[in-house]
Ligand code: PFF
C-alpha cells in the first residue's frame, strides 16, 4: 500500500536528463573503451550497436512501462500488475530481486567512483606529474593497497550520492543532473576536440568502424549484450523507478530511443577522446581495466596542457559516475519511503549506511581481505575477491535475470491492454514488433546468456 504520494519529474526533459545521467556512467567512459580495445574494435562496435537496437531499446521501453503503469515503486509495480494471477508471489520476488541488484552494483561502483575522485585530487596536487609507464602502475597499486585512501574516497562518493537522494526528486535528483549533465557534455566535447587536435583521429575511425568480421563470434555477442545491459541501466530497477516518476503524457518509446541514442553516442565519443591519444603515443590498446587508470595517465604530462586534460577527464568520469550512483541508490529508498517505514531522509541514511559497509568490504578486498575467496562455487568464481564477486553476481548475473523477468512479465503475464495503452503506439506494426521482441527474442537470448553465466554454455 502506498503511504506517500510519489514526486514526479517536472517534465519529459527532466526525466530524459536523469535517465541519460543514469545510463551514461563508468560503463561508457571507463568500461566501453577498454572492452572495445580488448575485443578488436570495429567488430565489437558493430555487434554492440545491433544489440542496443534489437534488445536495448525494447527493454528500456519494457522497464519504463512496468514502472509507469501504476506509478508505484518496483516491488509494488510487479505485485499490482500481476493482481489475480497465480504467480503473483513469484513476481513480488522478481520486484524484490530487481531492487536488490543495484545495491550489489553499488557495492563495487562506489569504490570505482572513489578512484575517479582520488585521481582528480592526485592530478590537481601534482602527484601524477613526470611519470613513466611503470610508475603510473605503481600509483594505481599504491591506491589499491591503501585501505584508508580507498575508503576515504568511497565514503565521499556515498555521502554525495546520499545527500542528493535525501533531497528528493525535484530538489535532489533533478537539480543534480541539471548541473552535472551539461558540464559532462561540455567536458566531453572539449576532450574530443583536444584529442582531435593532437592527431590519431583517422586511426581511431578505422579501428572503431572497420569491422573485421572474422572477429565476430559468440563471445563478442555475450560481451556486447552484457555491456549494453549495464550501459543502458537495465535489469536493476532504475528504469522501473525512473519510469514511475514519469508524467503520463510523455511518450515512453521516444524517451527510450533518446536514452539509448545518447548513451551509445557518449560511449562512442569516449572512444574518440581516448583512442587517439593511445594511437599517437603508441600505447597498448588492449590493456583492459588498466586503460584509463594506468595507461592514459602516462601521457598526461607529456602532452601540451596534459594536466588540464587529465583533470577534466577524471572530473568527467566522476560526474558520470555520480549521476549513475544516484539512479542505483534511488530504488531502495523509493521502496522504503513508499511503505511508510522511513521518511526519505532516514531511508537515505539507512540505505547509505548499508551500502557503505558493502563498498567498504569491496575496498578492503583489494588489500586487507585479499586472501578471502568464495568457496563452493565454480572455477570462475573461486579466484575472485569480494569486489569482483559483487560485480560478477550483480552486473553479469542478476541484471540479466531481472531483464529476462521484466520481458517475460510484460510479454506473457500482464494483460496486453496495459502495455498497449501505456506505450501509446497504437496497435500497429511498431507495437507488434516491440511485443514480438520481448516475447520471443529477449527470453531465449537472455535465457541462454544466463545458462552460459552459470557455466553451462554450449555454443
Ligand atoms: N549505466 C551505468 C553505467 O554505464 O555506468 C551503470 C548503471 C546505472 C547500471 C544504473 C545499472 C543501473 F541501474
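What follows is calculated from the coordinates using simple rules that are stated; it is not laboratory data. Note that the structure is predicted; figures quoted are calculated from it, not measured. Using ideal geometry, Cβ is built from the backbone for each residue, glycine included, and neighbour counts are taken over all protein chains shown.
Pairs of Cα atoms nearer than 8 Å and 6+ residues apart set the relative contact order; for the range 1-117 it is 17 percent. The angle between the Cα long axis of helix 57-70 and the main principal axis of the chain comes to about 50°, on a 0 to 90 degree scale. Listed by Cβ neighbour count within 10 Å, with the fewest neighbours leading, 119, 448, 440 appear as 440, 448, 119.
Each peptide in 121-133, 267-279 receives the mean, over its residues, of other Cβ atoms within 10 Å, and ordering these scores from highest gives 267-279, 121-133.
Estimated purely from DSSP H runs of n ≥ 4, each contributing -39500 (n - 2.57), the mean residue ellipticity at 222 nm for the chain is -21500 deg cm²/dmol once divided by its residues. For the range 438-454 versus the range 272-320, the inter-centroid distance based on Cα atoms is 36 Å. Sorted from greatest to least, the principal axis extents spanned by the alpha carbons of the range 115-184 come out as 46, 27, 16 Å. Over all Cα atoms in the range 176-286, the spread is summed up by Rg and Dmax: 17.2, 52 Å.
Remark: relative contact order (the range 338-459) = 19 percent; criterion is Cα-Cα distance under 8 angstrom and separation of 6 or more residues. How tilted is helix 88-124 with respect to the longest principal axis of the chain? Cα atoms for both, answer in degrees (0 to 90, nearest 10). On a 0 to 90 degree scale, this one is about 20.
Hydrodynamic radius of the range 52-106 by the Kirkwood approach over all distinct alpha-carbon pairs: 12.0 Å.
On a per residue basis, the convex hull of the C-alpha atoms belonging to the range 125-236 measures out at 217 Å³. Given in Å, the Rg to one decimal and the Dmax to the nearest whole number for the Cα atoms of the range 374-459 are 17.0, 52.
Using alpha carbon centroids, what distance separates the range 8-48 and the range 405-428, in Å? Value for the Cα centre distance between the two parts: 26 Å. For the range 222-269, what Kirkwood radius comes out of the mean inverse Cα-Cα distance, in Å? That comes to 11.8 Å for the range 222-269. The range 140-214 to the range 101-134: how many Å between their Cα centroids? Cα centroid of the range 140-214 versus Cα centroid of the range 101-134: 11 Å apart. Expressed in units of 2.2 N^0.38 Å, where N is the residue count, the Cα radius of gyration of the range 69-187 is 1.51. Measuring nothing but how far apart in sequence close Cα pairs (under 8 Å, 6+ apart) lie, relative to its length, the chain scores a relative contact order of 34 percent. Taking the C-alpha atoms only, the angle from helix 42-51 to the longest principal axis of the chain is near 20 degrees. Stokes-Einstein diffusion for the range 344-404 at 4 °C, viscosity 1.567 mPa s, with a Kirkwood radius from C-alpha pairs, works out to 100 µm²/s. With 0.36 nm allotted per residue and the present C-alpha distance subtracted, the residue 175-residue 439 stretch has 91.3 nm of extension available. With the convex hull drawn over the C-alpha atoms of the range 1-123, the volume per residue is 177 Å³.
With 5 Å bins beginning at zero, the pair-distance distribution over Cα atoms of the range 308-459 amounts to 2, 7, 10, 12, 13, 16, 16, 13, 7, 4, 1, 0 %. The percentage of C-alpha pairs in the chain whose separation is greater than 32 Å is 36%.
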